[in-house]
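Chemist: This is the structure I want to talk about, given as structure tokens.
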Amino acid sequence: MRQLSFAFLLAGSHAVRGEPTSGSSASEAGTRPVTLRRIDPARNMRRFYSLEVEWDLLGNVVLVRRWGRIGSAGKVRLDAHAGEGEALAALQALQMAKARKGYQPMVRA
């Protein structure tokens, strides 16, 4: 696993939304971002954590992790994976780890 961190990647223009053209399966187009939050007013804690599987412009599968205080830009980390299955497994593992720490899925209105 290799961590990518280029300034232009932070803008989000590096990723291809939807199915890439290089003969990918239909299941790849169905990946959706996971947004979690942890709010504890007693500790003045208001955090978010977002996970999403995307493809970069070279056709690599990338797990995009965004986190920080709600209302701030936060930080971004991009982890390249060998395939979509590996990236989705990493996404689920991180989601479960964050749930154990008290993060809950964001409720969409």
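The values are calculated or read from the model by the stated rules, or taken from the named source; none is laboratory data. The shown structure was predicted, so the numbers you read here are calculated from the model rather than taken from an experiment. All Cβ positions, glycine included, derive from the backbone under ideal geometry; neighbour counts span all protein chains shown.
Chemist: Looking at (1) of a type in the set (Ser, Thr, Tyr); (2) outside any strand (DSSP E or B); (3) in contact (Cβ under 8 Å) with a residue 12 or more places away in the chain, which one does residue 35 not meet, given that it meets all the others?
Modeler: That leaves (2) as the condition not met.
Chemist: On to the next question. Inside the range 51-109, can you point out the residues that are modelled with pLDDT of 95 or more and of a type in the set (Phe, Trp, Tyr)?
Modeler: Answer for the range 51-109, where residues must be modelled with pLDDT of 95 or more and of a type in the set (Phe, Trp, Tyr): 67, 103.
Chemist: Being in a loop (DSSP other than H, G, I, E, B), surrounded by fewer than 16 Cβ atoms within 10 Å (Cβ to Cβ) and touching a Leu at 6+ places or on another chain (Cβ under 9 Å): is that true of residue 73 here?
Modeler: Spelling it out, residue 73 is indeed in a loop (DSSP other than H, G, I, E, B), surrounded by fewer than 16 Cβ atoms within 10 Å (Cβ to Cβ) and touching a Leu at 6+ places or on another chain (Cβ under 9 Å).
Chemist: Output the number of the condition that residue 19 fails; it satisfies all remaining conditions of (1) surrounded by 11 or more Cβ atoms within 10 Å (Cβ to Cβ); (2) at pLDDT below 95; (3) in contact with a Leu (Cβ under 8 Å, 6 or more places away or on another chain).
Modeler: (3)
Chemist: Restricting to the range 54-70, and then to whatever is assigned to a loop (DSSP other than H, G, I, E, B) and without any contact (Cβ under 8 Å) to a residue 24 or more places away in the chain, can you tell me which residue is nearest to residue 38 (Cα to Cα)?
Modeler: 60
Chemist: Which residues, taken from the range 38-58, are small (Gly, Ala, Ser) and loosely packed, with under 13 Cβ neighbours inside 10 Å? It would help to see each step written out before you state the result.
Modeler: In the first step, residues of the range 38-58 are kept if they are small (Gly, Ala, Ser); the result is 42, 50.
Within the range 38-58, just 42 meets the criteria.
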